[in-house]
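Engineer: Here it is, the structure in full.
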Amino acid sequence: MSNSNILDVAIIGSGPAGYTAAIYAARAGLNPTLFTGAQPGGQLTITTDVENYPGYPEGIMGPQMMTDFMNQAKRFGTEIRFGSVTSVELHGDVKKLILDEKEEILARTVIISTGASAKWLGIENEQKFNGHGVSACAVCDGFFYRGQQVAIVGGGDTACEEASYLSKLASKVYMLVRGNSMRASQIMQKRVLNNPNIEVLWNSETAELLGDTMLTGIKVRNRETNAISQLDVTGFFVAIGHKPNTDIFAGQLDMDEAGYLKTVPGRSYTNIEGVFACGDAQDNIYRQAVTAAGTGCMAALDAERYLAEKELV
């Protein structure tokens, strides 16, 4: 490729982080190209009502929100490419991306916004009821279950945090733990076990999700006795962890033990010059649309400064 075919900014992944980065980069005249990935719009495209993003007083459907983000990015000149970046070579002044295992893309800077995917149980009806009683984010969706009975699956810190959060909204929280102990830290276990609104069901696993178009209850199997019981819950939260979508960067970018990209505290810089990370790919704490958008803004501003300092634009 000639130099004229080298992108100033390539954004890998869509969702709030990627589209926000695109909006800022486009408005700075950097002509970004965004590669959507396999799930254009990210996790919010499988979310129904979004009520906690500022600026939408009546709430908005997740897919519509991502369409709005995309159209705003396009309005300022972002090129949207539907496809997945399948491999990368990030070292050097010019980065090389391979799109859908065949097309070579060259870029001076790369913004990574590939997100993270919730881990699911893989049981029948789980995806059917996703957004209709089943959720992987209590902070996102717990508000919709005020005064109702809910169940949460998991035994780590995240599950304990989300159970505690739900206990302030729901009339009753059942916490299903596969073994006879939790993996969570002692302080988090103590909060759960001392909460009168949370009932921990030990040695328990979900046998069946009940309902027609909406979740109306679950069947629970005791792993010691094999006995089946039924819980009349309208909300079912899966809190068994998330997996960051960062496999293609392994061996090049620094990651933590779970695969989240490491960035300089308070910035979007990775360990490679000209490569920036934002959104859930580098955030294992908050994982919210609004925080992802904020880091997308940071990544675009950092990329703009990098290009200016290198006198590449």
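The values are calculated or read from the model by the stated rules, or taken from the named source; none is laboratory data. It should be emphasised that the depicted structure is a prediction, and the values quoted were computed from it without experimental measurement. Virtual Cβ from ideal backbone geometry, glycine too; neighbours counted across all protein chains shown.
Engineer: How about the stretch 173-225: which strands (runs of 3 or more DSSP E) wholly inside it have at least 1 residues that are more than 24 Å from Gln127 (Cα to Cα) and of a type outside the set (Lys, Arg)?
Structural biologist: 198-201
Engineer: Same structure again: Does any residue of the stretch 111-125 turn out to be at pLDDT 95 or above and part of a strand (DSSP E or B)?
Structural biologist: yes
A quick yes/no check of all residues on (1) surrounded by 15 or more Cβ atoms within 10 Å (Cβ to Cβ); (2) closer than 16 Å to Ile11 by Cβ; (3) in contact with a helix residue (DSSP H, G or I) (Cβ under 8 Å, 6 or more places away or on another chain):
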| site | (1), (2), (3) |
| --- | --- |
| Ile80 | yes, yes, yes |
| Ile105 | yes, yes, no |
| Thr109 | yes, yes, yes |
| Ala116 | yes, no, yes |
| Gly142 | yes, no, yes |
| Glu162 | yes, no, yes |
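Engineer: Out of all the residues in the stretch 277-288, is one or more at pLDDT below 95, assigned by TED's automatic domain parsing to the domain that holds Ala21 and among the basic types (Lys, Arg)?
Structural biologist: Scanning the stretch 277-288 turns up at least one residue that is at pLDDT below 95, assigned by TED's automatic domain parsing to the domain that holds Ala21 and among the basic types (Lys, Arg).
Engineer: Could you check the stretch 33-61 and list, in sequence order, the residues that are buried (at least 17 other Cβ atoms within 10 Å of the Cβ) and closer than 27 Å to Leu97 by Cβ?
Structural biologist: Thr33, Leu34, Phe35, Thr36, Gly37, Gln39, Pro40, Gly41, Gly42, Gln43, Leu44, Thr45
Engineer: Only one residue in Ala138, Ala107 is in the same structural domain as Ile285 (by TED's automatic domain parsing), in contact with a strand residue (DSSP E or B) (Cβ under 8 Å, 6 or more places away or on another chain), in contact (Cβ under 8 Å) with a residue 24 or more places away in the chain and among the small types (Gly, Ala, Ser), so which one is that?
Structural biologist: Working: Ala138 fails: in the same structural domain as Ile285 (by TED's automatic domain parsing).
Every option except Ala107 fails the conditions.
Engineer: Has the stretch 242-264 got at least one residue that is farther than 28 Å from Gly18 by Cα and out of contact with any strand residue (DSSP E or B) (no Cβ under 8 Å at 6 or more places or on another chain)? Before the answer, list the steps.
Structural biologist: In the first step, residues of the stretch 242-264 are kept if they are farther than 28 Å from Gly18 by Cα; the result is none.
No, because not a single residue in the stretch 242-264 is farther than 28 Å from Gly18 by Cα and out of contact with any strand residue (DSSP E or B) (no Cβ under 8 Å at 6 or more places or on another chain).
Engineer: I'm trying to understand the selection: among the residues of the stretch 226-250, which are over 17 Å from Ala281 (Cα atoms), touching a helix residue (DSSP H, G or I) at 6+ places or on another chain (Cβ under 7 Å) and assigned to a strand (DSSP E or B)?
Structural biologist: Of everything in the stretch 226-250, those that are over 17 Å from Ala281 (Cα atoms), touching a helix residue (DSSP H, G or I) at 6+ places or on another chain (Cβ under 7 Å) and assigned to a strand (DSSP E or B) turn out to be Gly235, Phe237.
Engineer: Report, by residue number, each residue of the stretch 241-257 that is closer than 20 Å to Cys137 by Cα and modelled with pLDDT of 95 or more.
Structural biologist: Listed by number, the residues that qualify are Pro244, Asn245.
Conditions (1) surrounded by fewer than 17 Cβ atoms within 10 Å (Cβ to Cβ); (2) out of contact with any Leu (no Cβ under 6 Å at 6 or more places or on another chain); (3) within 21 Å of Glu161 (Cα to Cα); (4) of a type outside the set (S, T, N, Q), marked per residue:
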{"position": "Ala258", "(1), (2), (3), (4)": "yes, yes, yes, yes"}
{"position": "Pro265", "(1), (2), (3), (4)": "yes, yes, no, yes"}
{"position": "Tyr269", "(1), (2), (3), (4)": "no, yes, no, yes"}
{"position": "Gly274", "(1), (2), (3), (4)": "no, yes, no, yes"}
{"position": "Asp280", "(1), (2), (3), (4)": "no, yes, yes, yes"}
{"position": "Asp283", "(1), (2), (3), (4)": "no, yes, yes, yes"}
{"position": "Ala292", "(1), (2), (3), (4)": "no, yes, yes, yes"}
{"position": "Thr295", "(1), (2), (3), (4)": "no, yes, no, no"}
{"position": "Leu301", "(1), (2), (3), (4)": "no, yes, no, yes"}
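Engineer: For the subset of the stretch 146-158 comprising residues that are within 23 Å of Gly122 (Cβ to Cβ) and modelled with pLDDT of 95 or more, which member is surrounded by the most Cβ atoms within 10 Å (Cβ to Cβ)?
Structural biologist: Ile152
Engineer: How do the pairs read when you match residues in the stretch 217-230 that are assigned by TED's automatic domain parsing to the domain that holds Val200 and at pLDDT 95 or above with residues anywhere that are surrounded by fewer than 12 Cβ atoms within 10 Å (Cβ to Cβ) and assigned to a strand (DSSP E or B), using Cβ under 9 Å and keeping only pairs 6 or more apart or on different chains?
Structural biologist: Taking only residues 6 or more apart or on different chains, the pairs are Lys219/Ile228; Val220/Ile228; Arg221/Ile228; Asn222/Ile228.
Engineer: Could you go through the stretch 149-167 and let me know if any residue there is more than 12 Å from Val238 (Cα to Cα) and touching a Leu at 6+ places or on another chain (Cβ under 9 Å).
Structural biologist: Taking the stretch 149-167 and keeping what is more than 12 Å from Val238 (Cα to Cα), we get 149, 157, 161, 164-167.
Cutting the leftovers down to touching a Leu at 6+ places or on another chain (Cβ under 9 Å) gives us 149.
Yes, there is a match, as at least one residue in the stretch 149-167 is more than 12 Å from Val238 (Cα to Cα) and touching a Leu at 6+ places or on another chain (Cβ under 9 Å).
Engineer: Filter the stretch 40-81 down to residues that are free of Cβ contacts under 8 Å to residues at least 40 places away in the same chain and part of a loop (DSSP other than H, G, I, E, B) and give me whichever is nearest to the chain's Cα centre (by Cα).
Structural biologist: Once the filter is applied, the top-ranked residue is Gly41.
Engineer: Within the stretch 232-239, is there a residue that is loosely packed, with under 13 Cβ neighbours inside 10 Å and not hydrophobic (A, V, I, L, M, F, W, C)? Please lay out each step first, then the result.
Structural biologist: We begin by selecting, within the stretch 232-239, every residue loosely packed, with under 13 Cβ neighbours inside 10 Å; these are 232.
Restricting the remaining residues to those that are not hydrophobic (A, V, I, L, M, F, W, C) gives 232.
The answer is yes; a qualifying residue exists.
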